[in-house]
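In what follows, a structure is listed as structure tokens, so that the remarks can point back to it.
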Amino acid sequence: MNRFFRKGMLGFMVGLSFMLGSFTGYSQEAEFTKSEVQQAVQKYVSEKAHDGKFLFHDPISNQDLSLIFEKVRIVRSLAGYGYFATTQFHDSTDPSKPYELDFWWKPKGNELLLMDIRVYKFPKKEGDRWVLQTHYPIAWWWLPSTEHPGEYEQKRAWEVKAAIHDYVAQKMKEGGGVFHLKDPKTGKDLALEFVEIHNPVRRIPGKQYFACTDFREKGEPEKYYDIDFWFDEKQGKLIVSDIKIHKEPVKEGEQWIQVERYSFEKDHPQTVP
């Protein structure tokens, strides 16, 4: 058995382990069982519920959802990133209106730390019934299971997205639920709510990785910033090297529009698969 075949088989087994949601010890952090992750979700939902209703603000749609917990459908692990519990809910006023939410947990010592909650599937009316529709772009933690097994010389797009999300989630915990960023142009301290990461992820040839993101100014539902996160790769890890405001909100009449501050096109960026 040559070394290329062995590496391919190892990549296949790791990918298969992820897709099946197995907890087979590929990561040093894989110290929690599926049952323990399920219990963490149930405990969190129970503590946050009011009169049995779990109130959740969806940052993408900017809607406040009132949901009833049903069950944790699946728990998956991803080495180095933690655990992902896909959880079924329904609307509190319409039991036929389903939702699926992903809860992202990371081990911290002997505890599980909740990093974020994202709507994975939302209800869409088809005829006289509600059906689940997957939100696109899908969350980065679903992407590794769709890739071909094997090793890559460069970071993959989902790894860049994971690095952004991890960085933002940590900063939002430190900021009491908002992401603080000082605007270098105005000197203003911006209090921002994270919305989502754009596609595609890009890289300047031979240099940095970067991706654009959407943030909403807290208390201003129509005021969006397009913010770029730039990364250097050091010893195999992605380190935030710069955060730039790509587009700023400017009032035009009664509407907010986004105006570009800088362009990276002259550097001929390449899309990261």
Task: Test set (1) at pLDDT below 95; (2) farther than 25 Å from SER263 by Cβ; (3) part of a strand (DSSP E or B) - GLU233 fails condition number - done: (2)
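Taking the conditions exactly as written (touching a Ser or Thr at 6+ places or on another chain (Cβ under 9 Å) and either farther than 25 Å from ALA139 by Cα or surrounded by 11 or more Cβ atoms within 10 Å (Cβ to Cβ) (or both)), does HIS246 satisfy them or not?
Details: touching a Ser or Thr at 6+ places or on another chain (Cβ under 9 Å): yes; either farther than 25 Å from ALA139 by Cα or surrounded by 11 or more Cβ atoms within 10 Å (Cβ to Cβ) (or both): yes.
When the stated conditions are applied, HIS246 passes them.
Applying the selection to the stretch 19-50, what residues are among the hydroxyl-bearing types (Ser, Thr, Tyr), modelled with pLDDT of 95 or more and part of a loop (DSSP other than H, G, I, E, B)?
Of the residues in the stretch 19-50, the ones among the hydroxyl-bearing types (Ser, Thr, Tyr) are 22, 24, 26-27, 33, 35, 44, 46.
Filter again for modelled with pLDDT of 95 or more, leaving 33, 35, 44, 46.
Result: THR33, single match.
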Open item on the list: Of the residues LYS97, LYS124, LYS106, only one is assigned to a strand (DSSP E or B) and without any contact (Cβ under 8 Å) to a residue 12 or more places away in the chain; which?
Closed with: LYS124
- [ ] For residues that are surrounded by 13 or more Cβ atoms within 10 Å (Cβ to Cβ) and of a type in the set (Lys, Arg), scanning just the stretch 74-114, find the one that is nearest to the chain's Cα centre (by Cα).
- [x] LYS106
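Counting residues that are closer than 18 Å to PRO269 by Cβ, which strands (runs of 3 or more DSSP E) fully inside the stretch 151-221 reach at least 2?
Correct list: 209-217.
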Task: Check on ILE138, within 30 Å of PRO205 (Cα to Cα) and surrounded by 15 or more Cβ atoms within 10 Å (Cβ to Cβ) - done: yes
Task: Exclusive hit being closer than 30 Å to SER92 by Cα, among the polar types (S, T, N, Q) and either touching a Leu at 6+ places or on another chain (Cβ under 8 Å) or modelled with pLDDT of 95 or more (or both), set GLN170, GLN133 - done: GLN133
Open item on the list: If a residue must be open to solvent by 50 Å² or more (accessible area, probe 1.4 Å) and over 15 Å from the mean Cα position of the chain (by Cα), how many such residues does the stretch 192-214 contain?
Closed with: 5
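The values are calculated or read from the model by the stated rules, or taken from the named source; none is laboratory data. These figures come from a predicted structure and were not determined experimentally. Cβ sites come from the backbone with ideal geometry, for glycine too, and all protein chains shown count toward neighbours. Keep in mind that these areas ignore ligands, DNA and RNA; they rest on the heavy atoms of the full protein, side chains included. Shrake-Rupley method; radii C 1.70, N 1.55, O 1.52, S 1.80 Å.
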